[in-house]
Amino acid sequence: MAVVTVKSTTITNRDAVPPVINDGRLERGSLRTSHGYVTATNGDSANSKYILASLPSTAQVRQILFSCANLGASSSVNIGVSRNTKDGGAAVSASLFASAQATSAALSNTDVTNQSGSYTLDKQEQPLWQAAGLSADPGGTLDIVATVSVAIAATGLIGAATEYVDNGN
C-alpha cells in the first residue's frame, strides 16, 4: 500500500497556476430549499404522481428529505425528476433519487438523496438536467416527483424538502 494525496476538483482548481475559479455550486454556494407535500389517497394506483418540488434545471441537489404518513402495507414510491407540468410533465429519470421507497410506515425527514444508488457522487456535482440523463439543458425548471410503485392503501400526507445550490449557470 502507498500513502497518497488526492485532491478534489475544487482543491485542484485552487492549487492550479494560475488558480481556476470554481463553479459557485461546488464551493461557497448558497443553499436553497424547495418544499412541498400533497395528500395521497387510499387507492392511488401504481404510476400515480405526486409533484413535490420545482428546481432550476441547473441546480445541484444536495439532499432530499422525504416524509410521509403510514400509507398502508407494502405501499411504495419512486422519487425522481420530470419535466415541469407546463412542459408536459414527462418523466426524465423516475427513480434518480429513490426506488421503491417504502411508505408503509410513517417517515419524517428521511434522507433519500441516493436511496436508489443512481445519484452517485459524480452526479451530485452535475446540474440536475445532466444528472437526470438529459443531453442538453432544457432551461427553466424540473420537478421532483414521487411516483407510486406499489398502490397506496391509506390516506395521508407525503412530501419532501429538497436542498440544492444554483448559480444560474
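Results, tabulated for the structure shown:
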quantity	calculated
Residue list for the stretch 119-129, restricted to those being in contact with a strand residue (DSSP E or B) (Cβ under 8 Å, 6 or more places away or on another chain) and assigned to a loop (DSSP other than H, G, I, E, B)	TYR119, GLN126, PRO127
Test: THR120 is of a type in the set (S, T, N, Q), within 12 Å of the chain's Cα centre (by Cα) and farther than 21 Å from VAL38 by Cα	yes
Some residue of the stretch 47-56 being touching a Gly at 6+ places or on another chain (Cβ under 6 Å) and either touching a residue at least 40 places away in the same chain (Cβ under 8 Å) or not in a strand (DSSP E or B) (or both)	yes
Lone qualifier among ASN167, ASN78 - being in a strand (DSSP E or B), at negative phi and either touching a helix residue (DSSP H, G or I) at 6+ places or on another chain (Cβ under 8 Å) or in contact (Cβ under 8 Å) with a residue 24 or more places away in the chain (or both)	ASN78
Residues within the stretch 145-164 that are within 13 Å of the chain's Cα centre (by Cα) and not β-branched (Val, Ile, Thr), tallied	6
Residue within the stretch 113-135 that is on the phi > 0 side of the Ramachandran plot, crowded, with 16+ Cβ neighbours inside 10 Å and not aromatic (Phe, Trp, Tyr) present	no
The stretch 58-95: number of residues that are closer than 18 Å to HIS35 by Cα and not polar (S, T, N, Q)	13
Selection count, the stretch 99-118, where residues are touching a Ser or Thr at 6+ places or on another chain (Cβ under 6 Å) and in a loop (DSSP other than H, G, I, E, B)	3
Members of the stretch 100-154 found to be under 22 Å from ASP87 (Cα atoms) and without any contact (Cβ under 8 Å) to a residue 12 or more places away in the chain, listed by number	GLN130, SER135, ALA136
Some residue of the stretch 18-30 being over 19 Å from THR141 (Cα atoms) and buried (at least 21 other Cβ atoms within 10 Å of the Cβ)	no
The one condition in (1) more than 11 Å from the chain's Cα centre (by Cα); (2) modelled with pLDDT of 95 or more; (3) surrounded by fewer than 18 Cβ atoms within 10 Å (Cβ to Cβ) that SER99 fails to fulfil	(3)
Which listed residue is closer than 15 Å to THR147 by Cα, of a type outside the set (A, V, I, L, M) and surrounded by 14 or more Cβ atoms within 10 Å (Cβ to Cβ), from SER57, SER75	SER75
Count - residues of the stretch 9-28 that are of a type in the set (A, V, I, L, M, F, W, C) and touching a residue at least 12 places away in the same chain (Cβ under 8 Å)	1
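The values are calculated or read from the model by the stated rules, or taken from the named source; none is laboratory data. Just so it is clear, the structure is predicted and the values come from calculations on it, not from any experiment. Positions of Cβ are backbone-derived with ideal geometry, glycine not excepted, and every protein chain shown enters the neighbour counts.
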